[in-house]
């Protein structure tokens, strides 16, 4: 039996993805809140003032490794930076804190996301900032990477990853690993590491970082 026009009209519309957060605005607001000048912060990051200005105005996006440098310099976690937003959402979310921990609930389409350099998208899977925990969905478009070829990241904490789709190359120290859907990995983040998508298909994974920043 073929659906009528009226029946088709009653089908629910899919939830629209929320817009990516204005990462540059959040970085600038936090920098100003700490009384840190543009040139001084750029000097500490090892980049030019114009490069930092482009990040803050949204004309350029930081790489994964540079975002970690920024939040480390500001004394924040990635979640802590995102929590500095204006709090506007397309739908309400639930966050409560009790003696034994946090309760967080987000529905599909409510998660905050940030677009990074070279086709990397991070989506936060918690509705609030949780000390010592960064729980994310990460997406790497073909050719995307966490740091430039030949450069590696290292920071405090332990990383855990579970691949949902695509093939992700993970270099940890001198070892190279190719992950496919259903594969998982964990490694100390103090070991130099690099994530990249060398294949033709987008990569999607769930990623958790414990203990990178405890404040």
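The values are calculated or read from the model by the stated rules, or taken from the named source; none is laboratory data. Bear in mind that the values here come from a model prediction, so they are computed numbers and not experimental data. Note that we place each Cβ from the backbone using ideal geometry, even for glycine, and neighbour counts take in every protein chain shown.
Listed values, structure above:
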read-out: Matching residues, segment 106-122, being surrounded by fewer than 18 Cβ atoms within 10 Å (Cβ to Cβ), in contact with a strand residue (DSSP E or B) (Cβ under 8 Å, 6 or more places away or on another chain) and modelled with pLDDT of 80 or more; value: 115, 119
read-out: Filter pass, residue 109 being under 21 Å from residue 197 (Cα atoms), part of a loop (DSSP other than H, G, I, E, B) and touching a residue at least 40 places away in the same chain (Cβ under 8 Å); value: no
read-out: Selection within segment 138-152 - under 24 Å from residue 112 (Cα atoms) and either free of Cβ contacts under 8 Å to residues at least 60 places away in the same chain or outside any loop (DSSP other than H, G, I, E, B) (or both); value: 138, 139, 140, 143, 144, 145
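For (1) buried (at least 17 other Cβ atoms within 10 Å of the Cβ); (2) in contact (Cβ under 8 Å) with a residue 40 or more places away in the chain; (3) not in a strand (DSSP E or B), each residue gets a yes or a no:
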{"residue": "176", "(1), (2), (3)": "no, no, no"}
{"residue": "191", "(1), (2), (3)": "no, no, yes"}
{"residue": "199", "(1), (2), (3)": "no, yes, yes"}
{"residue": "212", "(1), (2), (3)": "yes, yes, yes"}
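Listed here are the residues, each with its yes/no results for (1) without any contact (Cβ under 8 Å) to a residue 12 or more places away in the chain; (2) over 18 Å from residue 118 (Cβ atoms); (3) surrounded by 15 or more Cβ atoms within 10 Å (Cβ to Cβ).
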{"position": "29", "(1), (2), (3)": "no, yes, yes"}
{"position": "50", "(1), (2), (3)": "yes, yes, no"}
{"position": "61", "(1), (2), (3)": "no, no, yes"}
{"position": "69", "(1), (2), (3)": "no, no, yes"}
{"position": "77", "(1), (2), (3)": "no, yes, yes"}
